[in-house]
1. In the set Ser130, Ser115, which member is assigned to a helix (DSSP H, G or I), crowded, with 17+ Cβ neighbours inside 10 Å and either in the same structural domain as Ala163 (by TED's automatic domain parsing) or at pLDDT 95 or above (or both)?
2. Looking at segment 168-179, can you tell me whether even one residue there is β-branched (Val, Ile, Thr) and either surrounded by fewer than 23 Cβ atoms within 10 Å (Cβ to Cβ) or not assigned by TED's automatic domain parsing to the domain that holds Phe102 (or both)?
3. Tell me which of these Ile87 doesn't satisfy, since it passes every other one: (1) surrounded by fewer than 16 Cβ atoms within 10 Å (Cβ to Cβ); (2) β-branched (Val, Ile, Thr); (3) at pLDDT 95 or above; (4) within 25 Å of Ile226 (Cβ to Cβ).
4. Considering only helices (runs of 4 or more DSSP H) fully contained in segment 195-279, which possess at least 3 residues that are modelled with pLDDT of 90 or more, β-branched (Val, Ile, Thr) and surrounded by 15 or more Cβ atoms within 10 Å (Cβ to Cβ)?
5. So, of the residues in segment 82-100 that are among the hydrophobic types (A, V, I, L, M, F, W, C) and outside any loop (DSSP other than H, G, I, E, B), which turns out to be farthest from Leu257 (Cα to Cα)?
6. Mind telling me which of the residues Ile186, Ile141, Ile106 ends up being more than 20 Å from Ile53 (Cα to Cα) and β-branched (Val, Ile, Thr)?
7. Looking at Val148 and the list (1) over 16 Å from the mean Cα position of the chain (by Cα); (2) β-branched (Val, Ile, Thr); (3) modelled with pLDDT of 95 or more, which single condition is not satisfied?
Amino acid sequence: MFLKNLLLTVVGFLLILVSFVIYLKWFEKTKVFYPTKIVAITPKIFNIEYQEIFYQTKDNTKLYGWFCKKDTFLPTILYCHGNGGNISDRVGVIKLFFDAGFNVFIFDWRGYGLSEGTPSEKGLYIDVVSSYNYLVNKLNIPSKNIIVYGESLGSAPAIYLAARKTVGLLILNGAFSSAYDMAKTIFPFSPTFLLKTILSLKFDSISEIKNVHIPTLFIHSKYDEIVPFALAEKLFKIANPPKEFYITEGLHNEALLLNEGVIKKIKNFVKSHFYYEDS
């Protein structure tokens, strides 16, 4: 009887473990990347002239983006958006940046909007480097005039880029330290070894940011309901100086649109650290 009960217990535990592993893989596959295909609105809604751009990545994936240009030699925001929707969901933020005196180059990750392909961690890294190369080599923006702006999930490829390419500044809004830390937040009672073994996504910004040596501005709401404030703090502690942390209010997607002080802070940060090339 004892052996039978023990066997039933072991089988039950294994079934629970297998079920949890399957759920983790399903969650990772369906909940991390949440693209939409329809580009509903454009910057034209705010009377902002923009250039539609299609370009190829190094693995021959066609990406789609917009370039909102004031002047070639103004600081240019390279906008790396988050995991949901597409670039048309960011026109309000584009307007804020454009009105603040920046050029804006925003693109959709593979699988988002009019960009081809299927999103993946490796794919996002390829996309951000390809977008940077297009901005420098085809749109003729000097590399030191580029401000990389990473929003939520987009913060990881933004940090990846800033660790490898010459850019002027890095701005991170709603950033997190790693995919593992996010998973630990969502599944707090999961064994560490299981999460690290099962999850294929890494987004290991905590390691990547050690190789970033440009001024970095962190923006995060203390009421963020998606990315815990503590994960941004963890990333900030590791980041090299000069660095600043600006605390906002509101939910995860409200940091810029509902906090007037954020754009002012960004402009002051740029004025303090940014010396863009004029030739």
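1. Ser130
2. Scanning segment 168-179, I find no residue that is β-branched (Val, Ile, Thr) and either surrounded by fewer than 23 Cβ atoms within 10 Å (Cβ to Cβ) or not assigned by TED's automatic domain parsing to the domain that holds Phe102 (or both), so the answer is no.
3. Single failed check for Ile87: (1).
4. 260-273
5. Filtering segment 82-100 for residues that are among the hydrophobic types (A, V, I, L, M, F, W, C) and outside any loop (DSSP other than H, G, I, E, B), the one farthest from Leu257 (Cα to Cα) comes out as Ile87.
6. Ile186
7. Only one criterion is unmet by Val148, namely (1).
The values are calculated or read from the model by the stated rules, or taken from the named source; none is laboratory data. Predicted model, so just to flag it, every value in this text is computed and none were measured. Virtual Cβ from ideal backbone geometry, glycine too; neighbours counted across all protein chains shown.
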